[in-house]
Amino acid sequence: MLLLALVMVSCHSDDVQERLNDIKAVGDKEPKQAMKMLDAIRPQVVSTSEHTKMKCLMLDMRLRDKADMMPTSDDSARLVVSYFDSHGTACERQEAYYYAGSTYRDLQDTPNALRHFMKAEDIASKNDGCDSLMLRNTYSNLHYLFYNVQDYQNARLYAEREYDMTERLGLDALRSLTHLGATLAALDSLELSHRVYQKALALVEADTTQQYEAELLYSLLMNFAYLKDEVNARKCFSIVECRNLGDDIDMKCFAFAEYYRMTGRMDSAIVCYQQILQNQTDLFFMYDAAKALFQIFHERGDAVMANRWAARYIEVSDSIDLGHRQEMAATVNNKYQYYRNVEEEARIKEENTRYHQQLWGVGTMAVVVILGMALYLIWRRNRHLKELIQLSDELKVSRSNAEEMKAKLAIHKAQLADSEMSLQTTKDELARVNGEIDRYKQELRDKEQLLEEKLDENKRFVRLLHKADLEESAEDVVAAIRKASVGRHKMTSADWQRIFAAVDELQPDLMERLVHHVGKFTEQQQQVCYLLSIGLTNTQIENLTDIPHVTVWRWAKKMEWALGSR
């Protein structure tokens, strides 16, 4: 009877398992419909095995994630991970860790989300047959988490892995390209970011029937406008207009505003920026919109409206803690390292247990090997005795051959003496050549010293030329720039040339140090560096340039070495 009951339970579990697989397939396209189907079979799941119950619980997590239903706790995630980590296959463990990571991501627990997503990645990379699409989505989530805490180096790493996996699977790469482009822009790799966005636009143009998500197309339009690529921005704008996209109103308004501003349609841009501020949904969009409105009205000379939007800009700025995400990144890394250390300790304990077991096995094997070696040595000794008798006979033959070899050796010694004489001649010639090489090296050093003196003379000559072109002293130019930075001042090309020349006179080695610390740099980065070196604050630098607040703040952090020159 017990055997019959076990067979019936097994057959029942297999039937439920098949239905769970069918519901999982439906859930990939219709998650809400699949959730209703899952609710219908829950009474049957209660009487099945523990493994089937856990599969049902993990399927419920999967369907809720696909239906964008926010979790309220991590209870299900902990149960699923605990069970499948001990009793599941590699594919089941990958899925359990992935959806646990999704749960912690939605609960805003970034360290735990990172830990579980990285565990899912580790399982998939070490085991063949795991879900490649889920691995691609794992890379996407890791990019999202690192980007949100401004860890752009890791965000770029996982964006590149996401794109590579997307290409390998032959899937649409628009989202992975926008992730990679945004990360490169955050790292100031604007040229690489531009190439990535061009590739993304080519995908959209190649397939006009593909229904891309609205936020991806708005992001393309916004970034082309930001990069001042009018040709591609116009192409993207026409695509957005033709497809009549909706959804994310703030992103749509900001993308359109940036496009209108780039093309000179300022009134339309103003309307879009104002709509973002009226919606009051995203502080970062409101921050950029208020700043843009201030700049537009300031350029028009409308002081009343410029002051109004400047006040709003300051109000939004106070609501954003720009340093919070950097602190969050450090916290995330510290917590993640703690979890990794705990896992490492558990792994070491497990290895120690395994090593003790192996040690007993090795000891037993060593005894067997020693006995075998003793028997082998006895057999080998007897064999050597036979060989010694044979060698004794061969030795007699060798002695007769030795006399013949001595005669030949005398001949070779004579030949060796001749060779030594030839070698001495070659050494003398080599010594002569080395002497000439030393003489040439000394001449080369003399010429290099002369060249350095010429270069120093040229530098002094260039400084004299700069000094001759200035109608006022370097200190006067710097004082004028500091005074102008108190309010908004539109710098002309001539103004920049004056400040460059003035700072070069006051700090002749600044350009050389800029090249040493930064390498290849843009004109805007040079402007920020020179303004920092004469003691201007971030706010004053923003007043003299059109560079966004966040970019000035980030560049200033990179150029802290220039502050030592103040």
Residue 171-residue 350 FRET efficiency (beta carbon distance; Förster radius 41 Å; 0.05 resolution): 0.60
Efficiency of FRET between residue 366 and residue 86 - r from beta-carbon atoms, R0 35 angstrom, step 0.05: 0.50
Ordering of 426-439, 171-184 by burial proxy (mean other Cβ atoms within 10 Å per residue, highest first): 171-184, 426-439
Counted charge near residue 558, where neighbours are those whose Cβ lies closer than 14 Å (Asp, Glu -1; Lys, Arg +1): +2
Shape box of region 232-319 [Cα atoms, principal axes, largest first, Å]: 38, 27, 17
Anchor residue 483: aspartates and glutamates whose Cα lies under 20 Å away (excluding residues fewer than 8 positions away in-chain): 299, 471, 472, 475, 495, 504, 505, 542, 546
For region 132-283: span of alpha carbons on each principal axis (Å, largest first): 47, 35, 28
Given 413/441; 66/252; 32/291, the pairs whose alpha carbons are separated by over 31 Å: 413/441; 32/291
Cα gyration tensor, region 40-145 - rounded (a/c under 1.5), prolate or oblate: oblate
Within straight-line cross-link reach of residue 396, aspartates and glutamates at Cα separation under 18 Å, skipping those fewer than 8 residues along the same chain: 387, 404
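Can you check what the net charge comes to around residue 26, using other residues whose Cβ is under 12 Å from the Cβ of residue 26 (Lys, Arg +1; Asp, Glu -1)?
Details: positive: 19, 24, 29, 32, 36, 62, 66; negative: 22, 28, 30.
Surrounding charge for residue 26 is +4.
All other residues with a Cβ under 13 Å from the Cβ of residue 73 taken together, and with Lys, Arg as +1 and Asp, Glu as -1, what is their net charge? Before the final figure, lay out the partial values.
Working: positive: 64, 78; negative: 74, 75, 106, 109.
Net local charge, residue 73 excluded: -2.
Order of 134-145, 276-287, 373-384 by packing, highest average Cβ count within 10 Å first?
134-145, 276-287, 373-384
All of the numbers you see were taken from the coordinates with simple rules; none came from a lab. In this text, all values refer to a predicted model and were calculated from it rather than measured experimentally. Counting neighbours? That spans all protein chains shown, and the Cβs are built from the backbone with ideal geometry, glycine included.
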